[in-house]
Amino acid sequence: MRKWIVIYSSVTGNTRAIAEEIAETAGADLFRVQEGPADLSGYDVVALGCWLRRGGPDDLMKAYLPRVTNARVVLFQTHGADVGSEHAVTSFARSAYLLGAGCEILGTFSAQGRLAPALIERRRKAASDDTHNSPEARERWERAANHPNEEDRAAARAFVHRMEHKMDLLEKFRRAQEERKQHP
């Protein structure tokens, strides 16, 4: 396996659980974003994980992302929204936009995670016409309460293997292109 580093931000433990799964599977160095190194040049893959705040990365990860430059990156996140929802997908774009120059995004991984009890309480007090306090939102809170679970952790492990396979294929493709240039 290539040399990975996993850098994550977590408040409730959701993103930390996925970060630990990715790090263990990849044999990666693991850092909380607060201790994330400035020099990432010794790594083949930089895995960056966050929880979502207002449809994008949390503030700590938001501040770290521009410092990541010239790296092969995988982005991962946990959130109370459904996996594959517009909210979850758009947040990846917002994270990618904040990355520093020269980064290649290899892939993304998303897992639902339980909401902090204080957040649920604030949302319960919101007006009944607030979309964060709708019957659909309450159903999402219920679904999210059991995540990340073993299925999410298994999916994170499989994600690492898919990214390694993808890099193998990319390297094979680049070698074939180089060969064609040398022997037209």
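Please tell me if Asp82 is in contact with a helix residue (DSSP H, G or I) (Cβ under 8 Å, 6 or more places away or on another chain) and at pLDDT below 95. Break it down into steps so the answer makes sense when it comes.
On the way: in contact with a helix residue (DSSP H, G or I) (Cβ under 8 Å, 6 or more places away or on another chain): yes; at pLDDT below 95: yes.
For Asp82, the condition - in contact with a helix residue (DSSP H, G or I) (Cβ under 8 Å, 6 or more places away or on another chain) and at pLDDT below 95 - is met.
Scan region 45-75 for residues that are in a loop (DSSP other than H, G, I, E, B), small (Gly, Ala, Ser) and under 18 Å from Arg2 (Cα atoms) and jot them down. Let's see the steps before the verdict.
So the first thing to find is which residues in region 45-75 are in a loop (DSSP other than H, G, I, E, B), and the list is 54-55, 58, 68-71.
Those left that are additionally small (Gly, Ala, Ser): 55, 71.
The answer is Ala71, and nothing else.
If only one of Gly49, Gly27, Gly13, Gly42 is under 18 Å from Ser110 (Cβ atoms) and either open to solvent by 30 Å² or more (accessible area, probe 1.4 Å) or at pLDDT below 95 (or both), which one is it? Don't jump to the end; show me each part of the working.
Values: Gly49 fails: either open to solvent by 30 Å² or more (accessible area, probe 1.4 Å) or at pLDDT below 95 (or both); Gly27 fails: under 18 Å from Ser110 (Cβ atoms); Gly42 fails: under 18 Å from Ser110 (Cβ atoms).
Unique residue meeting the criteria: Gly13.
Among the listed residues Thr108, Thr90, Thr78, which satisfies the condition of being out of contact with any Leu (no Cβ under 6 Å at 6 or more places or on another chain), under 17 Å from Tyr8 (Cα atoms) and either β-branched (Val, Ile, Thr) or part of a loop (DSSP other than H, G, I, E, B) (or both)? Spell out the reasoning first.
Details: Thr108 fails: out of contact with any Leu (no Cβ under 6 Å at 6 or more places or on another chain); Thr90 fails: under 17 Å from Tyr8 (Cα atoms).
Result of the check over Thr108, Thr90, Thr78: Thr78.
Of all residues being in contact with a strand residue (DSSP E or B) (Cβ under 8 Å, 6 or more places away or on another chain) and either of a type in the set (Phe, Trp, Tyr) or at pLDDT below 90 (or both) in region 91-112, which is farthest from Ala154 (Cα to Cα)? Just the residue, please. Even if it seems obvious, please write down each step before you answer.
At the first step, the residues of region 91-112 found to be in contact with a strand residue (DSSP E or B) (Cβ under 8 Å, 6 or more places away or on another chain) are 91-92, 94-96, 98-99, 103-112.
Imposing the further condition that a residue be either of a type in the set (Phe, Trp, Tyr) or at pLDDT below 90 (or both) reduces the set to 92, 109, 112.
On the way: Phe92: 21, Phe109: 12, Gln112: 13 Å.
Looking at the filtered set, the residue picked out is Phe92.
Looking only at residues that are on the phi > 0 side of the Ramachandran plot and out of contact with any Gly (no Cβ under 9 Å at 6 or more places or on another chain) in region 52-75, which one is most open to solvent (accessible area, probe 1.4 Å)? Walk me through it before giving the result.
Let us first name the residues in region 52-75 that are on the phi > 0 side of the Ramachandran plot, namely 54-55, 70.
Now drop any that are not out of contact with any Gly (no Cβ under 9 Å at 6 or more places or on another chain), which leaves 54-55.
Numbers: Arg54: 208, Gly55: 3 Å².
Among residues in region 52-75 that are on the phi > 0 side of the Ramachandran plot and out of contact with any Gly (no Cβ under 9 Å at 6 or more places or on another chain), the one most open to solvent (accessible area, probe 1.4 Å) is Arg54.
Can you name the condition, by its number, that His132 falls short on among (1) modelled with pLDDT under 95; (2) open to solvent by less than 60 Å² (accessible area, probe 1.4 Å)?
(2)
Within region 76-92, track down each residue that is open to solvent by 40 Å² or more (accessible area, probe 1.4 Å) and either within 16 Å of Pro148 (Cβ to Cβ) or within 10 Å of the chain's Cα centre (by Cα) (or both).
Result: Asp82, Val83, Gly84.
Conditions first: (1) modelled with pLDDT of 80 or more; (2) out of contact with any Pro (no Cβ under 7 Å at 6 or more places or on another chain). Ala144 passes all but one, so which condition is the exception?
Result: Ala144 fails condition (1) only.
Only residues that are among the acidic types (Asp, Glu) and more than 15 Å from the chain's Cα centre (by Cα): list them for region 25-60, please. Before the answer, list the steps.
Residues of region 25-60 that are among the acidic types (Asp, Glu), as a first pass: 29, 35, 39, 44, 58-59.
Within region 25-60, Asp29, Glu35, Asp39, Asp44 meet the criteria.
The values are calculated or read from the model by the stated rules, or taken from the named source; none is laboratory data. Please read all numbers here as calculations on a predicted model, not as lab measurements. Glycine gets a Cβ as well: all are built from the backbone with ideal geometry, and neighbour counts include every protein chain shown. What goes into the accessible areas is simple: the full protein's heavy atoms, side chains included, and nothing from ligands, DNA or RNA. Shrake-Rupley method; radii C 1.70, N 1.55, O 1.52, S 1.80 Å.
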